[in-house]
Each structure stands twice: as structure tokens, then as C-alpha cells.
Amino acid sequence: MADSLYGQQGPQDANSPYNATSFQIREELAKVRTNVPVKIIAVHGGGVGAAPTVDVQPLVNQTDGIGDKTDHGIVYGIRVQRSQGGGSAIINDPKVGDVGFMSIADRDISALTSNEGAQSNPGSSRRFSMADGVYTGAILNPAVPGQYVQFTDTGVKINGFGGGIIEIVGPDVFITGTLHVTGDVIGGDGSVSLLNHIHSGVVPGGGTSGPPVGS
């Protein structure tokens, strides 16, 4: 025999027409999805290029009238929000195990995504479906950041996994680590080249020095 399922209606909900109508309104509003906490199960694509898609596990279970739970299934192919304007972006793709919010579109966005953002009709008549979710970022990420960009009261700090640090404090830039430069370094008023500067007024040899060794 199948397990019994208990509805959400309470004894008071049938006591009056007002209570009955109020119960019906609550049941309809319960279908409206806004933001759902999810865990990243898999990441597909990403990096330099289009933002990835993710498979997610909703983390707040469904419950019946007496509190018995039913787990949600995994939702596949969810788009990921990326901070991007034109050809400029901050690329920080989610990782398996991240916990964050998935925002739910109020209409079917499958045709919109298939048409690469071109104005489209809804793909179907579904509304507030988890299939039309967009992963918007971590809220309960268990990992302590090992590399990060930090905005502080005194400046900006970029910290890498290996301990390299670039910190901007006022007009000064501080670098921790070995600096490797491909190309020239220009200093002063924009006219002093590290690779090709000339030392004038050198007495020994009666002439000027040449470019630095290795230039």
C-alpha cells in the first residue's frame, strides 16, 4: 500500500467562506517561486567565453501537511549569472559544492536562451518553474577564499593562491612576489624606458652608455 499523503489544509480552513478563500489564495501563492537555495552538482563549460551552465540540487525540501519531506530532484542546465558589460567581464565560475541562490524567472525562458538573447515568446505556458532558474551566486559557500579581490577602507587588494599580492593604497602600488614583465616598463613622465633608456653624461669612455644588457 502506498504511503499516505497529507494536504496543507487545516481544520480552520473550512470554517467559513473567508477561510476557504484565504486557503486557496495561499495555495496559489505557494506556486510562485522567487529565490531557491541550491547546491552545485556539476558545472558545464565556463572560462573565457560564454558563462557556464550548472546542475543544481534544491536544498529546501518539500513537506506535506504533517511535515513529512520529499526531496527535490536535480535541476539540469541552469544558466549562471556573470558580471559582464559588453566585452568586459569578471570571470569567477561556480565550483561543485558551492551553495547559492537560484532566481526563478516568471515565464519560460527556454526560447530566449536558445535564441541567444534575442526577444522571444515564452517557450511554453509554464510559470515560476525551476527549469527557468538562473544561478546568481554563493550565499553559504563552505570554502575560505584562497585568492580574491578585496575592496578595503584604504584601497584594493588582489591576492593570488601562491602568495603574490598587488595592493593599491592611494597613489601607491605595492607588489609582493616576483614581477615578470613581457614588454617594456615606462616610468617617470612616460619617457623613461626600462629597456631602452640612455645614460647621458657618462665620463668613462668619453661617450654615453648603451641599452641595458638583455634589451
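The values are calculated or read from the model by the stated rules, or taken from the named source; none is laboratory data. Small disclaimer: the values here were computed from a predicted structure and weren't measured. So basically every Cβ, Gly included, is an ideal-geometry build from the backbone, and we count neighbours across all protein chains shown. Accessible surface is based on the protein model in full, side chains and every heavy atom, while ligands, DNA and RNA are left aside. Shrake-Rupley method; radii C 1.70, N 1.55, O 1.52, S 1.80 Å.
Pairing residues of segment 120-132 that are over 20 Å from Leu29 (Cβ atoms) with residues that are open to solvent by 50 Å² or more (accessible area, probe 1.4 Å), at Cβ distances under 8 Å and at least 6 apart in sequence or on separate chains, gives Ser120/Leu112; Ser120/Ser114; Pro122/Arg107; Gly123/Leu112; Gly123/Ser114.
Screening Gly137 on (1) touching a Phe, Trp or Tyr at 6+ places or on another chain (Cβ under 8 Å); (2) modelled with pLDDT of 95 or more; (3) not aromatic (Phe, Trp, Tyr) shows it passes everything except condition (2).
Considering (1) open to solvent by less than 90 Å² (accessible area, probe 1.4 Å); (2) without any contact (Cβ under 8 Å) to a residue 24 or more places away in the chain; (3) assigned to a loop (DSSP other than H, G, I, E, B), the lone condition that Pro94 does not fulfil carries the number (2). Search segment 142-164 for residues being assigned to a strand (DSSP E or B) and among the β-branched types (Val, Ile, Thr), and hand back the single one that is nearest to Leu179 (Cα to Cα). It comes out as Ile158. Residues satisfying the criterion are present in segment 30-46 (criterion: open to solvent by less than 70 Å² (accessible area, probe 1.4 Å), in a loop (DSSP other than H, G, I, E, B) and either closer than 16 Å to Arg82 by Cα or among the polar types (S, T, N, Q) (or both)).
Here is the figure for segment 125-178: residues that are more than 19 Å from the chain's Cα centre (by Cα), polar (S, T, N, Q) and open to solvent by 50 Å² or more (accessible area, probe 1.4 Å) total 5. The residues of segment 40-79 that are in contact with a strand residue (DSSP E or B) (Cβ under 9 Å, 6 or more places away or on another chain), at negative phi and small (Gly, Ala, Ser), listed by number, are Ala42, Ala51, Gly73. Residues in segment 113-123 that are surrounded by 13 or more Cβ atoms within 10 Å (Cβ to Cβ) and more than 19 Å from Thr34 (Cα to Cα): Thr113, Ser120, Gly123.
Gln57 passes every criterion in (1) within 26 Å of Leu140 (Cβ to Cβ); (2) buried (at least 17 other Cβ atoms within 10 Å of the Cβ) apart from (2). Considering only residues that are β-branched (Val, Ile, Thr), over 14 Å from Met130 (Cα atoms) and in a strand (DSSP E or B), which ones fall in segment 54-91? Thr63, Thr70, Ile90, listed by residue number. Out of (1) in a loop (DSSP other than H, G, I, E, B); (2) open to solvent by 90 Å² or more (accessible area, probe 1.4 Å); (3) over 20 Å from Gly77 (Cα atoms), the odd one out for Gly183 is which? Failing condition for Gly183: (2).
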